[in-house]
Amino acid sequence: MVLSNKERPTRRSQAWFGRQDRDGFIYRSWMKNRGIPHDQFDGRPVIGICNTYSELTPCNSHFRTLAEQVKIGVWEAGGFPLEFPVMSLGETLLRPTAMLFRNLASMDVEESIRGNPLDGIVLLMGCDKTTPSLLMGASSCDLPTIGVSGGPMLSGKYRGGELGSGTDVWKMSEDVRAGNMSQEEFFEAESCMHRSHGHCMTMGTASTMASMVEALGMSLPGNAAIPAVDARRNVLARASGRRIVQMVKDDLIMSRILTRAAFENAIRVNAAIGGSTNAVIHLLAIAGRIGVDLTLDDWDKLGHGLPCLVDLQPSGKHLMEDFYYAGGLPAVIRELESVIDRSALTVNGNTLWDNCKDAPNWNREVIRAFDDPFKPDAGIAILRGNLCPDGAVIKPSAATPALLKHTGRAVVFENSDHMHQRLDDENLDVDENCILVLKNCGPKGYPGMAEAGNMPLPPKVLRKGITDMVRISDARMSGTAYGSVVLHVAPEAAAGGPLALVQDGDMIELDVPARTLHLLVSDAELERRRAAWSPPPAPMHRGWVKLYVDHVQQADKGADLDFLVGKSGAGIPKDSH
Ligand code: FES
């Protein structure tokens, strides 16, 4: 049984701690085992600190400290903080891909919130998937909620230059494969790239999602860019702890902030920062949970023609530390005055515009002006055509301009194993004008939609000094990656999408300005191939993977599970005694 809103006490934690009976004894008495005084149960806001700390998630390994700062803030504001762990998804270690578990972690978050005596929530998020999983789960509960990101690492330093997370791994690895860098140099860089707490310090998925949290209005200003080890990150955490207590008193629930206007602002900001393609999938999923009607085409419609203002890797050269010192996200939002919805509400009770309208810009080389952008027309482009009837995604700011309109011969890999076997084969019939096609790496196919879309280039192409080719897949790519890479082809190959029917030697036409992607093969021939096609075998017959594959939606819907879309609110479940 779930109590209706009418039956609920004014503060949901009082349904546990406010009871003057046997059950109230149980709820309070066990909590007192660590010395909590009785007056903490007097009806003050109980704040859950949802922590993704894990030693298996290096990007979030400082979250115990961060949680302590949030707690101090909650105490200072007269609240009662209770920290709890949820499933943490580390991008670098977790196999086969952290994305396979994003929806599972979101279920953990949702049920942990709803089943416990919590009035407001602080979300501690950092590594790529920890941000969307927490926002998705919390959205399905819709309590007052504030986000605190862990912050980026300090810039990597190597032989007098800088190294960016991910982006320089891809670059150096291609240099090794082309014979331009020794293995010794490569492994020396390993200790130079990641030298402090924090998440990837390029504008990869973690930095993009931290920026999305701020652009959506779900965090205090400055959340996106303060380095993890800068003392001001702790100040932000403490201020967020103070603020959530007032948000509970004001009943400032998530759905008052996560409106259609907030998502539209986030999409525009994503263009201006040269953000990750992964934001497309995650924002669609979060919107689906909170009940905002957001579509794949909104990304093109809202981002079309918008410039990239931020010169950061992977689209540019600087790193998140430089971005913070230049003014961070508020300085970018200030530049977007003419295109954003200035009335969108944020967690501090002010509008997004009020928060950013006076933001200083300390370095015009890092954050450019709207009318003097780093790159023009940088919004994520959504492609349609007979190869992707339900859409595909490309990030023009990370692509080679000359390849945005390109027709080439397909070189096809049936799956990622096939790609790894074949790519380095000197006899592979491939040149720089070909289009590399990778199948069966989508939500169902991999399973989990791996970041395999930025396929390495064949060595014989690299040796010519070529650094980019058109690549097409149903996979995602790391937000730190770059290139002329068409991603998220929907429907995916494993679901019987046309991508499954592509063969070596087919011609493919990509036209990003026209937003089209066509397989130049006759309908009759495609029908013949479809009749001969059979789906790949199910990857697993039990457990989470089976539930996931049976219920995951396609990329154009945010790859959430069909039965998780929407929210159940934070009604109070019946007790267990
Ligand atoms: Fe965690 Fe990049 S690996 S943010």
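Restricting attention to segment 60-86 and to residues that are β-branched (Val, Ile, Thr) and open to solvent by less than 30 Å² (accessible area, probe 1.4 Å), the residue that is nearest to the chain's Cα centre (by Cα) turns out to be 86. Number of residues in segment 216-234 that are in a helix (DSSP H, G or I) and either touching a strand residue (DSSP E or B) at 6+ places or on another chain (Cβ under 6 Å) or free of Cβ contacts under 8 Å to residues at least 60 places away in the same chain (or both): the value is 2. Of the residues making up segment 87-104, just one is assigned to a loop (DSSP other than H, G, I, E, B), in contact with a Leu (Cβ under 8 Å, 6 or more places away or on another chain) and either within 14 Å of residue 553 (Cα to Cα) or open to solvent by less than 10 Å² (accessible area, probe 1.4 Å) (or both), namely 90. Cβ-Cβ distances below 7 Å connect no pair with a first residue in segment 198-215 that is modelled with pLDDT under 95 and open to solvent by 10 Å² or more (accessible area, probe 1.4 Å), a second residue that is within 13 Å of the ligand (Cβ to nearest atom) and among the small types (Gly, Ala, Ser), and a separation of six or more residues or different chains.
Of the candidates 504, 575, the single residue that is modelled with pLDDT under 95 and in a loop (DSSP other than H, G, I, E, B) is 575. Restricting the first member to segment 351-378 and to residues that are closer than 16 Å to residue 322 by Cα and in a loop (DSSP other than H, G, I, E, B), and the second to residues that are open to solvent by 60 Å² or more (accessible area, probe 1.4 Å) and of a type in the set (Phe, Trp, Tyr), the beta-carbon pairs closer than 9 Å and six or more apart or on different chains are 362/325; 363/325; 366/325. Considering the conditions (1) surrounded by fewer than 20 Cβ atoms within 10 Å (Cβ to Cβ); (2) within 16 Å of the ligand (Cβ to nearest atom), residue 57 is excluded by exactly one of them, (1).
Counting only residues that are modelled with pLDDT of 95 or more and open to solvent by 30 Å² or more (accessible area, probe 1.4 Å), segment 375-399 holds 4 of them. Being within 16 Å of the ligand (Cβ to nearest atom), among the polar types (S, T, N, Q) and either touching a residue at least 12 places away in the same chain (Cβ under 8 Å) or on the phi < 0 side of the Ramachandran plot (or both) is a description that does not apply to residue 13. In segment 130-211, counting only helices (runs of 4 or more DSSP H) that sit wholly within it, the ones holding 3 or more residues that are touching a Phe, Trp or Tyr at 6+ places or on another chain (Cβ under 8 Å) and among the hydrophobic types (A, V, I, L, M, F, W, C) span 167-177, 183-193.
The values are calculated or read from the model by the stated rules, or taken from the named source; none is laboratory data. Owing to the predicted nature of the structure, the values given are computational and were not obtained by experimental measurement. Cβ sites come from the backbone with ideal geometry, for glycine too, and all protein chains shown count toward neighbours. Ligands, DNA and RNA are excluded from the accessible area calculation, which covers all protein heavy atoms including side chains. Shrake-Rupley method; radii C 1.70, N 1.55, O 1.52, S 1.80 Å.
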